[in-house]
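Quick notes on the structure that follows.
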Amino acid sequence: DFDSLNERHTLPSSEKRTFDHWPTQEDPFPGPAPIPVNRLQKFKRKEKMLNKPRGRKVRLRDMITRSEEASKMAQKQAARFDLLLPEDAGFLEGDEGEDTCTISQQDIADAVDITSGTKYFNLKLSQFGPYHVDYSKTGRHLLLGGRRGHVACIDWPSKELMCEINVMESVNDVKWLHSEDMFAVAQKKWLYIYDSNGIELHCIRKFNDVLRMTFLPYHFLLATASATSFLQYLDVSVGKEVAAFSTKTGRLDVMCQNPHNAIVHLGHHNGTVTLWSPNQKEALVKMLCHQGGVRSVAVDKTGTYMVTSGMDKKLKVYDIRAFKPFKSYFLPAGASCLSLSQRGLLSAATGDVVQVYRDVWSTPVNKPYMAHRTRGAVWGLHFCPFEDVLGIGHGDGFTSILVPGAGEPNFDGLDANPYRSTKQRQEWEVKALLEKIQPELISLNPTDLGEVDQVSFKQRHQERVEALGFDPLEKEKFVPKYKKKGRSSAGGIERRKKQVAHEDQRDEIRKTVEDKMKMEKEQKEREKKKAALFVNKSALDRFKK
Amino acid sequence: MKVKVLSRNPDDYVRETQYDIQRVPRNYDPSLHPFEVPREYARALNATKLERVFAKPFLASLDGHRDGVHCLAKHRTSLSTLLSGSCDGQVKVWNLTERFVRGNSCSFLWNLLLHGKEEEPLNTILGKTVFTGLDHHQKEGVFATCGQQVDIWDEQRSSPIRSFTWGVDSFSSVRFNPVETELLASCGSDRSVVLYDMRESTPLRKVIMKMRTNTVCWNPMEAYYFTSANEDYNLYTYDMRHLDKPVMVHMDHVSAVLDVDYSPTGREFVSASFDKTIRIFPKNAGHSREVYHTKRMQHVICVKWSSDNKYVLSGSDEMNIRLWKANAAEKLGVLSPRERQATNYNQKLKEKFQYHPQIRRIARHRHLPKNIYHQAKELRVMKAARHRKESNVRKHSKPGTVPLVAEKEKHVVTVVK
């Protein structure tokens, strides 16, 4: 009844609960969700600055701290977004006792879904000679160039033929330019550029006897290596030759680019690999890689490792950032073509056998991941950019094989989008042309622009010192503040001066100690190396050259 | 065997109908986006160039006065109201949105004071001497005038409640501090800037410079900073507490600086000069970031920065008041979210790469009228010659006899308390 209802509402004061806040429970996972360290590491650009400018340069120090904080936040956001990526990479695992390299392509094609199964196909084109292969940057379009003049471009997922022509001359190499609209064909004498409908757009006579080509996508530069040992760069957006170097090293038929810094790697018959940029007449770096000639070079997409194969049947992996040899493998038949996929799989071809290796640089490899035999001698290898597919151009035509785990699963829609519409492609092309990087900025370290120009600063500082007659950046002599109320005695002033002097001394000592430690470390390493070389000393060492 | 081959469902990547927007999956992995620094540099270069392309600051010219515009006054609460007074005694009230005159009155030469909206003045005060400057208190009904001395008036009284003198025969301008509302500053004809506290009976202190100051303006965000527009082509920002050395010397004009006004953010100020330009300076930089000039604009007498931080108004000798944009390349009006994002991105890129020589060269480039360009070059040459001669004297005399005097200390003669 009504009275008891009213009564229930008013509790005795001792039991009265305050409803200011709901009863709290301990949050079992307090704070924001943790991010795995390796994912965070992936997005890290630069380490934090250790010795920030101290003292009076408050504004500069504040700016550096703030930009570091913003960078850290961006890193965390990007790492958190990584969770939302839609696709996972492919994989192939054999059963117990089964070797993955014994699994045939037909088995794989039968085991996967129909659309993936159709990605394993064979084009029998035995009439027009061994075929060169190129996939466009988005991975959707395929360009085939037969030695006897047959050039075809295909939208390979839908098997739609875009164009097919016979150029009536021998074809040395074919390459897509920035999009699926234009491609370049290095014919017997000159370089030709065709539209994707097969219409000849340009015949560039300045580029003669071109044997190999590579396209630098962010600079819109086509680098060509010729039989007359010329390395030439063509800007395809403007149509001008940017640079031409006579390398004086003989016939250039081994070429590849480093996608991280747009440096061109050329392999020579004396076993050296040279690195070129359009800004210097001489090679930037010359590395002796093999005892015979170099047969093929490939660089991974992060620009850390270079894989080379030579006439001495060796496959070597080099750390290209430090220019040091990393690993060396012996292949019983050598490798005439090499190609690296986006996820680090290496394909090596000899004769008519193609072998795919996994993790060539992290774990020592003793057997291939996959193998395939084609009908003709392999002439060209190319991994398809965002698919688990390897395209092989050989004497009997073209084969596309399935290599699970080769392609990058998640593409970026604003960079290379295989599903882009015409409108999107047009917009992308305009933006890419606006952001085109000038060839003057190509160097071994692509982040050179972000570094402080210490050389110019030193020069300018010197000029200023000469003009003024004194050094404006020199530390001012410490003048202790005069304290009132009798606190500024002579002894006190001296004490304060000594304190500052001691701190300066301590800084200097710390600096010298650090330098010394560094020198000692380097010396130790040098001695270690020397010791490693002279392990087996014998009396006959004196006769060694 | 266990096998999985990458196979994407096109339905996840292609839009369903043509009325949808396109799908753009993103992957921020740095290895998919190489050349970050050079591409950002290219974008920053484009942004800087486009900023110069879109830098069209002149908006409108308010025509109507029959003599040179001598003073401008902002309405404290209405953004579209402007008052201007010309040398022949005409006071006009403008409506800036429609750019027409709202009121018109002819009177004796007196300076502007905000009063009612009628044609006839509310009150007329006859003073004993000529008045050269006027300013109103921020909140109370008190205003200050300057002429032969600085007087503090109450609105209801007809004689000043307080007068300050310090042996100077005339003051050219007086300003109330917008933050510390009891403080005043005035410029005297003996090349001094005098500071007063309204509550006291004598002036606080004064700083005497090498040349006379025309106008003073207080920083609306920082209570103790004020900027003085001087006859020696420079502007000096002083800290009220330390008048012996200016905080900053702003050098860029090639003739006497006549008027200065701060932006409501307190970070920049605009100065009008006898060379026919107006310049916008950042408060902590020694050189201007922007210069506005027109062939038709003659000696600029007065300048005001609008209270919404977007516009600058200049009144000049040839009877026109001009309305300019404070940021020359800014797009006015409401921006769509994508436009705003693009502007913010471009702004950040320009800031990031502002010290690179090519970008700095383009960002700094301003067209100047030929006489100003030549005059500036000549002044530079003269300055360099003076500097060279001084350093030669220092080099060839006993060390310590010719002391190094900082640029800031050169312009102040003395501080008197």
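General remarks:
- Top of B:Ile321, B:Ile21, B:Ile125 by mean-square fluctuation, Gaussian network on chain B, Cα under 10 Å: B:Ile21
- Most mobile listed residue (B:Pro160, B:Pro30, B:Pro203) in chain B, GNM with C-alpha springs under 10 Å: B:Pro30
- For A:Lys313, the lysines whose Cα comes closer than 16 Å to its Cα, not counting residues fewer than 8 places off in the same chain, are A:Lys327, A:Lys367.
- Ellipsoid equivalent to the protein assembly as shown - semi-axes via the Cα gyration tensor, in Å: 70, 37, 34
- The fraction of all Cα pairs in the stretch A:116-261 landing in successive 10 Å bins from 0 to the largest distance is 11, 43, 35, 10, 1, given as whole percents.
- Buried accessible area, chains A and B (both chains, 1.4 Å probe, Å² to nearest 100): 4600
- Coil-residue trypsin sites (Lys or Arg not before Pro) of the stretch A:149-254, DSSP, other Cβ within 10 Å capped at 12: A:Lys159, A:Lys248
- With all protein chains modelled, accessible area of A:Val479 [1.4 Å, Å²]: 120
- Shape summary of the stretch B:264-390, radius of gyration then Dmax from alpha carbon positions: 17.2, 57 Å.
- Per residue, the accessible area of the stretch A:426-545 comes to 96 Å², computed with a 1.4 Å probe over protein heavy atoms only.
- Taking the C-alpha atoms of the stretch A:299-408, convex hull volume expressed per residue in Å³: 89
- Note on A:419-426: average number of Cβ atoms from other chains within 10 Å of each residue's Cβ is 3.
- Length-normalised contact order of chain B in % [C-alpha pairs under 8 Å, at least 6 apart]: 14
- Helix-derived mean residue ellipticity, 222 nm - over chain B, DSSP H n ≥ 4, -39500 (n - 2.57), to 500: -5500 deg cm²/dmol
- Percentage relative contact order, the stretch B:240-385, counting C-alpha pairs under 8 Å, at least six apart: 17
- Top of B:Arg340, B:Arg364, B:Arg322 by mean-square fluctuation, Gaussian network on chain B, Cα under 10 Å: B:Arg340
The values are calculated or read from the model by the stated rules, or taken from the named source; none is laboratory data. Note that this is a predicted model, so its numbers are computed, not measured. Using ideal geometry, Cβ is built from the backbone for each residue, glycine included, and neighbour counts are taken over all protein chains shown. Heads up: the accessible areas ignore ligands, DNA and RNA and are worked out on the full protein's heavy atoms, side chains in. Shrake-Rupley method; radii C 1.70, N 1.55, O 1.52, S 1.80 Å.
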